[in-house]
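Presented below is the structure to which this report refers.
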2 protein chains.
Amino acid sequence: MTQPENGFQPERRKILVGGAATAALLVPGVGSAQSGDMEAIRKAVTAGYGASVKRIQDWIANPTIAAEKLNVDGGADYMMRLAKEAGFQRVKKVRTDGVPGVFATLDAGAKRWMGIYFMYDVKQFDPAEWSSPPLEGRIIDKPGYGKVIVGRGATNQKGPQAAFLAALHAFRASGRKLPVNIALVAEGEEEIASPHFMQIVQDPEVLATMKKCVGVIIPSSGQGQNGAATISLGAKGAVELELVSSGEKWGRGPVRDIHSSLMARVDSPAWHLVQALNSLVQKDGHTPAVEGWFEHVKPLTAREKALIAENARLSSEANAKKALGVQRWINDEDWQTSLERLASQPTINIQGLVGGYTGPGGKTILPSRAAAKIDLRLVPDMTKEDSVRKLKAHLAKHGFGDIEVNVSGGYGPTQTPEDSALIRAEQAVLTRAGVSYSLSPRSAGSWPGVVFTGAPLRLPAGQFGLGTGGGAHAPDEFFVIESSNPKVAGLTGATMAYVDFLYEIARAR
Amino acid sequence: MTQPENGFQPERRKILVGGAATAALLVPGVGSAQSGDMEAIRKAVTAGYGASVKRIQDWIANPTIAAEKLNVDGGADYMMRLAKEAGFQRVKKVRTDGVPGVFATLDAGAKRWMGIYFMYDVKQFDPAEWSSPPLEGRIIDKPGYGKVIVGRGATNQKGPQAAFLAALHAFRASGRKLPVNIALVAEGEEEIASPHFMQIVQDPEVLATMKKCVGVIIPSSGQGQNGAATISLGAKGAVELELVSSGEKWGRGPVRDIHSSLMARVDSPAWHLVQALNSLVQKDGHTPAVEGWFEHVKPLTAREKALIAENARLSSEANAKKALGVQRWINDEDWQTSLERLASQPTINIQGLVGGYTGPGGKTILPSRAAAKIDLRLVPDMTKEDSVRKLKAHLAKHGFGDIEVNVSGGYGPTQTPEDSALIRAEQAVLTRAGVSYSLSPRSAGSWPGVVFTGAPLRLPAGQFGLGTGGGAHAPDEFFVIESSNPKVAGLTGATMAYVDFLYEIARAR
């Protein structure tokens, strides 16, 4: 879920809040560490480049797909091995009711702990749609980008995560002491909405260690093709669920598909589903109509609105519409309003409808079952539990209490204060690297940051990293290792940014 | 469409209107022909039994499937060959905008013409679901039935149609003159709701010949497992269509699937479809809510209600519910009311819902397109054209004018007077054969009889035949060739019933 699909980052800000593209790009300054240390580490990063590339390729060759229960324990074991090789002294598998997690600590004897979140699973893929085998990690020249690794998980999230691991390898290879201790928590179910991630964090040892952390980042390729980066201060929550109407549960209609002529005297689970769905949104076709849905929705603050207004001013509505294949926003609203909606509005989306006969042409049946695949996007201060409870209460109240609400995963929204040490450190690193960046009040895409930013940890958390990639969840996913654009980091630049970041976190007030 | 699926014939009447199960079963009496003629023909039918069985098997081995455009011309050519071999002197292919039809005449120099309707296409099938190859026509002993041919099309309608052809072969083999001339009109698109059948009948030569006919039958295996038969005086019309909501046609929402987080600011074609569908039925979840839908709906007559009441009294509601897997009728109505609904109510049924992601689990997309597969069932005096027009007008009026209404086939209801020569002849044949039968005002299943009973022909028309079978549209479809129940005709009995029927038509006043 972390990486929205292609065409989905129109909210990529171009606002220069603190950074400026300069010739000093990706050469971290002396503010963060002794320049001698940085130089030594840079040499080690360069020396380790080949091993680092191979680490990404080997990881791509070892995919875990939670939806298919593919390589579940193997993927966790592989994650453990990667952690051990990067210097983590304690590495353990954390059992859950689903796919196991991995917890690891690298205690460098430093004063502070920094939390790192990894996902070791990837999205499903169909090799027929790829121009090179999705598990090969082939290196190609991609026009407009440079040398890239093509493979499932390349940018979401194995490439960026491997860049972070490369930083740890470089510290050790150069004989430099890590300025902070690292606590790594990894899950293998991110792509199915992290249904058991909280179980991993609630492991007593994990919880006790995470409590000591300054904050948590998930490594990500945070630059756009033009070099600009966005620091998202938060992300919407997401809940995935299926609504299922069936004659069996309803006690009306058929328990198996019957001839469609019987519609004259037998109730239809498909019509029942349509009517239930129809009750979930208002007449406008998008505003949630579930009782109490907006009870805990916080309006945008003045600061959040100002950030959005600035972004609206500097970015191109026409380009965004073209990239998305969209002619009009909801209600024919203007660009800025559409961006405010994106940051502030909770949604109930139909991902898919599937019921009865779905093949070519028709088939004269009255289906016994119909389902809608739904995702909810939640904004502060909504929670997953409260939202699911309200949805069920709404269905029951309106005569649809028989409809199953099968939640497959999800989590609430995450939000981190702009003035937290984590966000300030990120800004400092980007500024020193000469990367123009903007602050986004909230990403409309989702990641399970709430596990860190919510109770009981209440830590700052966010995605962070230089470099770029694309095609997450799509064919020909890629991660740039040698950038043809001087404003965009390749693998070495991305690795060095993490080195600088760790020094910055150590210094943070 | 002709043969409803298994479990769908609860309306099979057991009322003894004119027949009586007797030991004389399937021995037509002398009222219909000189007994010497009947005896000679029966000998020929018996002698031709092996060829007749093989004719069914060979036909099954040569399937035409209109939905897949499978063996379209080959199937028509095969139909032509079957007609020639049965003695039709003039046989021609009738081109349409879809699958071609076949027209054939057998002019015996008789005073009267009888129309026969054949379908040479069959329903799709999945060999994996069958216990013997669906195109083999294997003969097995089926408990409770006797010797049966198993194959796609066995009972729907190749078996019964071959029984009719066997009657023509027997007339010729025995040197007996056909008492009526035969006009055969065949189509290869019955299973996709006969979208071009009217084109076949409107061929000038076809129309001129059909106008001379006393009436039209489609051969069918009209007996239940217990031997009872139903004469349906009519059938509902059926229209198959897809309602498609797409960002492209709408001008709102995306033109291709986009990330689901964009639901916050982009309209959703899937919600649009849900709202459009919701407007089509009333709050009860079944009564059509399309403006003017009931404008031409004729209430049941006193005679029709009496026939239904009698059937309700004599048949088992519990058995029907069990066979259908249904616990309750609409509105918890009683048995008789459910039967009245079945005969009298027009319906809008959802056959299938398909939109966006339909695989396992979820996928975070906002789909650009969603569709509902719909069938309409029409009662007198509704027409296909008027109903589709009203549906489109309703959608436009309620803000859904962009939703495509893709009609793939269909036709209006068919009805034949109880006192027509055709129905009286059928009753006479059943009575002589000792088959208990009932009159049904209207079958809820559909067949394109309106092409004959409607303008311009306005002929009596109906399904007719002895014998039994099952599994139409389902795996292991079968047709009984040697019945283990003396009350049920096998292939020979079914053939002889057509012989008697032709004599009866010749005598009809």
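The values are calculated or read from the model by the stated rules, or taken from the named source; none is laboratory data. Because the structure is predicted, anything quoted here is derived from the model rather than measured. All Cβ positions, glycine included, derive from the backbone under ideal geometry; neighbour counts span all protein chains shown. The area values use the complete protein model at the heavy-atom level, side chains included, leaving out ligands, DNA and RNA. Shrake-Rupley method; radii C 1.70, N 1.55, O 1.52, S 1.80 Å.
Checking an interface number: how much accessible area is buried between B and A, summed over both chains, with a 1.4 Å probe, in Å² rounded to 100? Each step should come with its number before you reach the end.
Working: alone 20590 and 20580 Å², together 34180 Å².
So the total buried area for this chain pair works out to about 7000 Å².
Most tightly packed first, judged by the mean number of other beta-carbon atoms within 10 Å of their residues, the peptides B:484-496, B:182-194 read B:182-194, B:484-496. With Cα atoms defining each centre, the stretch B:429-473 and the stretch B:390-419 are spaced 25 Å apart in the structure.
With each label modelled as a point 7 angstrom along the Cα→C-beta vector, the B:Ser132-A:Ala51 pair spans 7.0 nm. Cross-linked pairs B:Lys93/B:Lys177; B:Lys211/B:Lys373; B:Lys249/B:Lys283; A:Lys43/A:Lys84; A:Lys249/A:Lys384: Cα-Cα separations exceed 30 Å for B:Lys211/B:Lys373. Each of the peptides B:197-208, B:50-61 was scored by the mean count of other Cβ atoms within 10 Å over its residues; in descending order, highest first, they stand as B:50-61, B:197-208. Taking θ as phi - 60° and the Karplus parameters 6.51, -1.76 and 1.60, the scalar couplings of the stretch A:74-85 work out to x, x, 5, 4, 5, 4, 5, 4, 4, 5, 4, 5 Hz in sequence order, x denoting glycine and proline.
Which of the GluC sites (Glu not before Pro) across the stretch B:457-509 are loop residues per DSSP, with 13 or fewer other Cβ within 10 Å? Don't jump to the answer; show the numbers that get you there.
Details: sites: B:Glu477, B:Glu482, B:Glu504; in loops: B:Glu477.
Sites meeting the loop and neighbour criteria: none at all.
With an 8 Å Cα cut-off and a minimum separation of 6 or more residues, compute the relative contact order for chain B in percent. Dividing the mean separation by the residue count of chain B yields 29 percent. The stretch A:71-108 and the stretch B:293-339 have Cα centres separated by 65 Å. Of the trypsin sites (Lys or Arg not before Pro) found in the stretch B:201-236, the ones in coil according to DSSP and having at most 16 other Cβ atoms within 10 Å of their Cβ are B:Lys212.
Which loop trypsin sites (Lys or Arg not before Pro) in the stretch A:370-474, with loop taken from DSSP, have no more than 15 other Cβ atoms within 10 angstrom of their Cβ?
On the way: sites: A:Lys373, A:Arg377, A:Lys384, A:Arg389, A:Lys390, A:Lys392, A:Lys397, A:Arg424, A:Arg432, A:Arg442, A:Arg458; in loops: A:Arg442, A:Arg458.
Sparse-neighbourhood loop trypsin sites (Lys or Arg not before Pro): A:Arg458.
Taking a ≥ b ≥ c as the square roots of the eigenvalues of the Cα gyration tensor, the stretch A:355-509 is classed as oblate, since a/c reaches at least 1.5 and a/b does not exceed b/c. Rounded, prolate or oblate for chain B? Axes are the square roots of the Cα gyration tensor eigenvalues, ordered a ≥ b ≥ c, and the cut-off for rounded is a/c under 1.5. It comes out prolate by the Cα gyration axes. Take the protein assembly as shown with all the other protein chains still there, run a 1.4 Å probe, and you get 34 Å² of accessible area per residue. For the stretch B:177-209 versus the stretch A:132-203, the spacing of their alpha-carbon centroids is 69 Å.
Mean per-residue shielding of peptide A:271-282 is 5, counting Cβ atoms of other chains within 10 Å of each Cβ. Rounded to the nearest 500, the helix-only mean residue ellipticity at 222 nm of the protein assembly as shown stands at -9500 deg cm²/dmol, with each DSSP H run of n ≥ 4 adding -39,500 (n - 2.57).
Decide, for the stretch A:199-356, between rounded, prolate and oblate: order the square roots of the alpha carbon gyration tensor eigenvalues as a ≥ b ≥ c, take rounded if a/c falls under 1.5, and otherwise choose prolate if a/b is larger than b/c, else oblate. Provide the component values of the computation, followed by the final result.
Numbers: a/c = 2.48, a/b = 1.52, b/c = 1.63.
Cα axes put the stretch A:199-356 in the oblate bin.
Which value, in Å to one decimal place, does the Kirkwood hydrodynamic radius take for the protein assembly as shown when every pair of different Cα atoms is included? Spell out each step's value before the answer.
Values: mean 1/r = 0.0311 Å⁻¹.
Across the protein assembly as shown, the inverse of the average 1/r is 32.2 Å.
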